[in-house]
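Chemist: Below is one structure. I have some questions about it.
Just so it is clear, none of the values below were taken in a lab; they were calculated from the coordinates. The shown structure was predicted, so the numbers you read here are calculated from the model rather than taken from an experiment. All Cβ positions, glycine included, derive from the backbone under ideal geometry; neighbour counts span all protein chains shown.
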Amino acid sequence: MLAYPIRIALIAALGGFLFGFETAVISGAEKTIQQLWQLSPFWQGFTVASSLIGTVLGSIIAGYPAQRFGRKKVLMIIAVMYLLSAIGCALSSVWLLFILFRFIGGVAVGASSVVGPMYISEISPARLRGRLAGSFQLNIVAGIFIAYLTNFLFVDLGEDSWRWMLGIMIVPAALFAILVKTIPESPRWLALQHRDAEAAPIMERLGEADPAKAMQEIRESVSDKKETLFQPKYYKPIFYAVLLAMFNQLSGINAIIYFAPRIFEMAGFDKAEAYLQPVYIGAANLAFTLLAMTMIDKFGRKTLLIIGSIGMILFLYLTALAFNDPANSGKNVLFYLIGYIAFFAFSQGAVIWVFISEIFPNAVRSQGGSLGSFTHWIMAAIISWTFPVIVEGSPQGGYYSFLFYAAMMLLHLLFVWRVMPETKGRSLEEIQHELGIK
């Protein structure tokens, strides 16, 4: 019985693999692209962030079609956009065209970050929801790892190696487009559309003992009139989701993912080593995300976040100190960043999409998911655009950047410890009730 929700959740989570690959693959190509089109630090930051600008748009607009046309149809469109982006980026010979296809890929990432976790949370049994929704994050870090690995494998293919780095995404994008056709529509969405005859057999296959009762509870959790997100009764989930999404990026994670080879060159590694070290980062990211998936439903979201905050504060601070003493940075930076990534993956990386997908009530889940994702990607665009400007504009740019990220994680620790609620082991309707939302 449990094999069915696991299978369809893992197919939907392939969107997360492409999300991670699209996010990290530019790290191997960005310096070559800067030289190819002779870009200043500002325009280089824009080139990298162009995908994130698309991601912001994708996160804003994804909620409406997911609510209007269903989760599955939007996932199919996302798959096509990933495929188009991979082909276009690999073949582009004009900077503006490259920006356009990066933007399309970004829209797919933003939409995927909303619709993927939303779909998975809606088809998952409560006792498995943390792990199944977390499978989206697991696929993200798997995509990041494979992107770093293929960047390293393709780096010596000559002046067009960056095209191979970006073009290889065609393979997983095509696979996602094929497999997503085999999954059912979200039964919660079908129930809200009063399509009970379609929803009931899906619910039975997902392990629901009384589909009729479940559909009634779903409809009762939603007001008869169309709900808008921004009203007083939803201020708690809005506050939690926005703050968690902001802190996710204020940890500096996307600066590290997008500019990993550059960071290692700053630390004194030669080019070959600078492309190899991110593979270790990606492997640690994957390993500790797997560890978090085994614990998220047992120990809860808050415990993982608190442990992760403490570790990130320590290793970000040590990284800052290493860049403040360039003569002694070298291998220490690799060790400190692996430590940082391990604690990030164990906490924020594993929790963010799970928590945002479950904290909003049925009536506004698509809108809430869009808001959380929008906040996440706005912050990602700001961090990624400004990072090359800061580190190239000051000899101590690396020191100040990582010191800032450490300070933000201290604030994050206080937020999680004192404010954030726990959601493990509760149905989506129970979470709504416990937040006092009627």
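Chemist: List the aspartates and glutamates whose Cα lies under 18 Å from the Cα of LYS424, skipping any in the same chain that are fewer than 8 positions away.
Modeler: Output for LYS424: GLU122, ASP297, GLU358, GLU434.
Chemist: With the Cα gyration tensor of the range 171-211 in hand, give its eigenvalues times 5 under a square root as the equivalent ellipsoid semi-axes, listed largest first in whole angstrom. Working shown, then result.
Modeler: On the way: eigenvalues 133, 26, 8 Å².
So the three semi-axes of the range 171-211 are 26, 11, 6 Å.
Chemist: Once phi is turned into ³J(HN,Hα) by the Karplus curve 6.51 cos²θ - 1.76 cosθ + 1.60 with θ = phi - 60°, what whole-Hz value does each residue of the range 178-194 show in order, with x for glycine and proline?
Modeler: Those phi angles translate into 6, 6, 5, 5, 8, 8, x, 6, 4, x, 5, 5, 4, 5, 5, 8, 6 Hz.
Chemist: While we're on this one: Quick one: if the Förster radius is 60 Å, what FRET efficiency do ASP270 and TYR235 give, using the C-beta to C-beta distance and rounding to 0.05?
Modeler: Values: r = 52 Å, r/R0 = 0.87.
Efficiency for this residue pair is about 0.70.
Chemist: Another one. Please state the relative contact order of the chain as a whole percent: Cα pairs under 8 Å, 6+ residues apart?
Modeler: The normalised contact order for the chain reaches 26 percent.
Chemist: Still on this structure, I have one more. Each residue of the range 37-42 in turn: what ³J(HN,Hα) in whole Hz from Karplus with 6.51, -1.76, 1.60 and θ = phi - 60°, glycine and Pro shown as x?
Modeler: Here the 3J(HN,Hα) series is 9, 6, 8, 6, x, 5 Hz.
Chemist: Rounding to the nearest 10 and keeping the result within 0 to 90°, find how far the Cα-based axis of helix 196-205 lies from the longest principal axis of the chain.
Modeler: In the chain, helix 196-205 runs at an angle near 70 degrees to the longest axis.
Chemist: Next question. Quickly work out the GLU430-to-PHE42 label distance, labels modelled 7 Å from Cα along the C-beta direction, and quote it in nm with one decimal.
Modeler: 5.4 nm
Chemist: Convex hull over the Cα atoms of the range 86-155, averaged projected area in nm²?
Modeler: 5.7 nm²
Chemist: Report the FRET efficiency, 1/(1 + (r/R0)^6), for GLU159 and ASP196, where r is their Cβ-Cβ distance and R0 is 41 Å, rounded to 0.05. Spell out each step's value before the answer.
Modeler: Working: r = 59 Å, r/R0 = 1.44.
Once rounded, the FRET efficiency stands at 0.10.
Chemist: Percent relative contact order of the range 1-159, based on C-alpha pairs within less than 8 angstrom and at least six residues apart? Each step should come with its number before you reach the end.
Modeler: Details: 210 pairs, mean separation 70.8, N = 159.
Computed value for the range 1-159: 45 percent relative contact order.
Chemist: Provide THR294, THR319 in ascending order of the number of other Cβ atoms located within 10 Å of each residue's Cβ, fewest first.
Modeler: In order of increasing Cβ crowding within 10 Å: THR294, THR319.
Chemist: Further, regarding this structure: Working from Cα positions, state the angle (0 to 90°, nearest 10) between the long axis of helix 95-123 and the longest principal axis of the chain.
Modeler: For helix 95-123, the angle is close to 40 degrees.
Chemist: Next question, about the same structure. Taking springs between alpha-carbon atoms closer than 10 angstrom, which of PRO388, PRO261, PRO201 fluctuates most in the Gaussian network model of the chain?
Modeler: Of the options given, PRO201 has the highest mean-square fluctuation.
Chemist: What list of ³J(HN,Hα) couplings, whole Hz, do you get for the range 11-16 from phi and the Karplus terms 6.51, -1.76, 1.60, once you set θ to phi - 60° and write x for glycine and proline?
Modeler: So the Karplus estimates, Gly and Pro as x, are 5, 4, 6, 4, x, x Hz.
Chemist: Moving to a separate point now. Quick check: residue separation of ASN332 and LEU149 times 0.36 nm, minus the Cα distance between them. What number comes out in nm? It would help to have the intermediate numbers written out before the result.
Modeler: Values: separation 183, 0.36 × 183 = 65.88 nm, distance 2.16 nm.
Once the chain is fully extended between ASN332 and LEU149, it gains 63.7 nm.
Chemist: On average, how much area does the Cα convex hull of the chain cover when viewed from any direction, in nm²? Can you show the working numbers first?
Modeler: Numbers: hull surface 75.2 nm².
So the mean shadow area of the Cα hull is 18.8 nm².
Chemist: Could you work out which residue, out of HIS412, HIS194, HIS376, moves most in a Gaussian network model of the chain, that is, has the largest mean-square fluctuation with Cα springs under 10 Å?
Modeler: Sorting by GNM fluctuation, first place goes to HIS194.
Chemist: Same structure, new question: Sequence-distant or interchain residues sharing an amide H contact under 5 Å with MET169, placed H: which?
Modeler: none
Chemist: Could you work out [θ]222 nm for the chain from helices alone, using -39500 (n - 2.57) per DSSP H run of at least four and dividing by all its residues? Round to the nearest 500 deg cm²/dmol. Write down the numbers at each step before the final one.
Modeler: Working: 22 runs with 344 residues, N = 438.
Result for the chain: -26000 deg cm²/dmol, rounded to the nearest 500.
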